[in-house]
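Here is the structure we will look at, set down as structure tokens.
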Amino acid sequence: MGLIGQYQAKLDSKNRVFLPASFRRSLQTADRAELTLVIRRDYFENCLVLYSEEQWQAEVAKVRSKLNRFDNAQQMVFRKLVSEAQEIALDANGRMLIPKSLLDKVGIVQEALFVGMGQTIEIWAPSVAGAASGNGEPFMSDADFAEGIKGFMAE
């Protein structure tokens, strides 16, 4: 699955937003009429992450495989991981209802920036994405990107 690109979308008065068509096409399978997704706040960034049901199950299984069920601290980490996730479905028009509590946590008000991350989709408040870079551009400048990729690809 190749979820790539950036798309801006407006939320309606009920906090529904259209999932960009290219993402819908990538996520839908022929054997399933309804698309169920899982959403949660990102682990490190101030954004939401949208998973296909299959990708979410793989993520949970990967985390669970590394945890000791008899370690209370590790169980607390797992509990937070799964308890903050929510299933959401697309309606017949391709819209999804994002819970207000999640929108509030990441500062999304009227517009959302969808960013394909290969296997998942990040959902940002455009202002937060611009602030993250420190230069007003979403994420990083072209020059910073060139330096960053050069730094870890030059071998």
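The values are calculated or read from the model by the stated rules, or taken from the named source; none is laboratory data. Nothing here was measured: the structure is a model prediction, and the numbers come from that model. So basically every Cβ, Gly included, is an ideal-geometry build from the backbone, and we count neighbours across all protein chains shown. Accessible surface areas use protein heavy atoms only, side chains included; no ligands, DNA or RNA. Shrake-Rupley method; radii C 1.70, N 1.55, O 1.52, S 1.80 Å.
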Please work out how much length the chain gains when fully extended from Lys14 to Phe44, using 0.36 nm per residue of separation minus the C-alpha to C-alpha distance, in nm with one decimal. 8.1 nm
Pop out the Kirkwood hydrodynamic radius of the chain from its pairwise C-alpha distances, inverse of mean 1/r, in Å to one decimal. 17.0 Å
Ignoring any ligand, DNA or RNA, what whole percent of the accessible area of the chain comes from carbon and sulfur when the probe is 1.4 angstrom? 54 percent
Tell me which trypsin sites (Lys or Arg not before Pro) from the stretch 55-155 have a DSSP coil assignment and no more than 10 other beta carbons within 10 Å of their own. Arg69
Reference-scaled alpha-carbon Rg (2.2 N^0.38 Å with N residues) for the stretch 14-87: 1.30
Toy charge model, Lys and Arg Cβ at +1, Asp and Glu Cβ at -1: the stretch 8-129 dipole around Cα centroid in debye, rounded to 20, equals 180 debye
Calculated diffusion of the stretch 94-134, Stokes-Einstein form, Kirkwood radius summed over Cα pairs, 4 °C and 1.567 mPa s, µm²/s: 117 µm²/s
Counting only chymotrypsin sites (Phe, Trp or Tyr not before Pro) that sit in a DSSP loop (anything but H, G, I, E, B) with at most 12 other Cβ atoms within 10 Å, what is the longest stretch of the chain containing none of them? 71-155
Label-zone membership for the stretch 86-107, site Arg24, 7 angstrom Cα→C-beta point, backbone N under 12 Å: 90-96
With a 1.4 Å probe and every protein chain left in place, work out the accessible area per residue of the chain in Å², rounded to a whole number. 61 Å²
